[in-house]
Amino acid sequence: MTQTLSRQEQHQAQHKKYVLSSWVAQGALNAPVVTRGEGRFFFDEDGNKYLDLSSGLVSTNLGHGHPRVVKAIQDQAATLCYSPTGYFQDKRAELGEAMIKLTPWSEGGRAFFTTGGAEANDDAVRIARAITGRFKILASYRSYHGSTGTAMQLTGEDRRFGNEPALAPGIVHFFAPYPYRSPFYTQDPHEETARALEHLERTLMHENPRNVAAILLEPIVGSNGVIIYPEGYLEGVRRICTQHGILLIFDEVMTGFWRTGKSFAAHTLGVTPDMMVFAKGVTSAYIPLGGVLIREGLAQYFDIKALPVGHTYAGHPLCCAAGLGAIAAYQEDGIEQHVAQLEGWLRTGLKELENRYKTLGEARGIGAFWALEFVKDKDTREPLVAWHGDGPGIMKNFFLELRKRGVFSFGKFNIAMVTPPLNTTRDELDHGLEALDAACKAIDAAV
Ligand SMILES: Cc1ncc(COP(=O)(O)O)c(C=O)c1O
């Protein structure tokens, strides 16, 4: 007797047959089919409800279906869906101003729009090279910057491995601080800062600082474990950049749009870069949009010289309208105040888990940007599954335990991200924390 497949099963089979999914071997894929989102939840085709505890890929900062953003998209769709990039456009102009108002630059600045974070990092590098007339770019290990040519080469982790040899020359990696797992053999944050800065200066000396156009960093490392640099490090990098005429570029693709408490991590951390790259939260990920922000003193270079970058969709009206809707929503909904509360709930809840479970080495974060790092042993800090090892191993069960309890998050090797939408309520977060508790318990029991 032939069994009829449910609608979800039909779509699963269709997806497996016709679609390739990012970054993974396709054979073992077995995922629900997501068909609807509302608030902090999304639903699969069988009607199962999932709390989105990671804001998708740290991107749906306003949760799903925020009416302010949806309306902005609908209105724009009914008015103008495309305009050529060589003509000015109302929403592009308005979003440019709105974005620059979120930056720390008193001198002002200008925005160049792309459709995502990777493309924006590629363009930031080309813009920095044009302005400085220098070629080399320094980026850190344990960073992720996207999967286009230059962004992939900027990336300091395993997602680059499948794309080597490098297609983008002139990129040099260095080690940045990682207090929990110091590459500089220290246990003291001040020493970590001092040694990391010395290492950076030494790297520059051997690369010739006069050839270096920019240092490009995530101001807080994102998908590689929410690593918050120790006090003084980013200030030191800023000082070194200024000293050598090197541009400091912050990749704020994950850290932007109130994820760390303020509009950008540059504000949260009090360090001012020369350029900033954004994407994801700018539209709460409802429509693809990214871009590069350039402080005015540098942007003026292109008043005479041609900008060396461009895209058919640069500053697309639908994307810009969505960006304007999202920025209005962040501000009208008091997201900055809510993230301050959310940070307190997350810190208390996740630190309790850290104290309770032997395999949870460290829960760390800021704002609504948190990660759990799992270990075999809290004293040795040996990762629960090897970084750059053969796969997720036991961590796969962690995410399956969450899924069983109607909670979604994602992670990498021995890291699980906890980055809820910035408007998550106390009750919703408690539901997420209960599921995390159960998943940690399952991992502890299996080790
Ligand atoms: C810090 C950072 N930069 C760049 C990117 C790439 O952005 P996109 O996937 O939009 O190309 C990501 C994506 O996760 C990111 O986390």
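Read the figures in this text as sums done on the coordinates, not as results from a lab. Treat the numbers as computed from the prediction; the structure is a model and nothing was measured. Neighbour counts run over all protein chains shown; Cβ positions are idealised from the backbone, glycine included.
Summary of computed values
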item: Rounded to whole Hz, the Karplus (6.51, -1.76, 1.60) HN-Hα couplings of the stretch 227-232, x for glycine and proline; result: 9, 9, 5, x, 3, x
item: Convex hull of Cα atoms in the stretch 77-127, direction-averaged projection (nm²); result: 4.7
item: For the stretch 397-439, alpha-carbon Rg over 2.2 N^0.38 Å; result: 1.11
item: For q = 0.10, 0.12 Å⁻¹, Debye-computed log10 I/I(0) when each Cα of the stretch 1-107 counts as one equal scatterer; result: -0.53, -0.72
item: Likely footprinting exposure, THR186, THR268, THR103, THR283, fewest C-beta neighbours within 10 Å first; result: THR186, THR268, THR103, THR283
item: Fewest-first ranking of CYS81, CYS320, using other Cβ atoms within 10 Å as the exposure measure; result: CYS81, CYS320
item: Ranked ARG202, ARG295, criterion: other C-beta atoms within 10 Å, fewest first; result: ARG202, ARG295
item: Cβ crowding within 10 Å averaged over residues, with 342-352, 58-68 ranked highest first; result: 58-68, 342-352
item: Potential extension, GLU231-ASN397 segment - 0.36 nm per residue separation minus Cα distance; result: 56.2 nm
item: Percent of beta bridges antiparallel (DSSP, the chain, rounded to nearest 5); result: 65
item: Distance from the stretch 19-81 to the stretch 307-362 (C-alpha centre basis), Å; result: 15
item: Pairwise label distance in nanometres, ASP46 with HIS190, each label 7 Å out on the Cα-Cβ vector; result: 5.7
item: Rg(Cα)/(2.2 N^0.38 Å) for the stretch 138-292, N = residue count; result: 1.00
item: At 1.306 mPa s and 10 °C, Stokes D of the stretch 314-447 from Kirkwood alpha-carbon radius, µm² per second; result: 99
item: Extension reserve of the PHE161-ALA340 stretch, reckoned as 0.36 nm per residue once the Cα distance is removed; result: 60.7 nm
item: Rotationally averaged projected area of the stretch 69-332 (alpha carbon convex hull; nm²); result: 13.9
item: Stokes-Einstein D for the chain, Kirkwood Rh over Cα pairs, 10 °C, 1.306 mPa s (µm²/s); result: 70
item: Charge dipole (debye, nearest 20) of the chain; +1 at Cβ of Lys and Arg, -1 at Cβ of Asp and Glu; result: 640
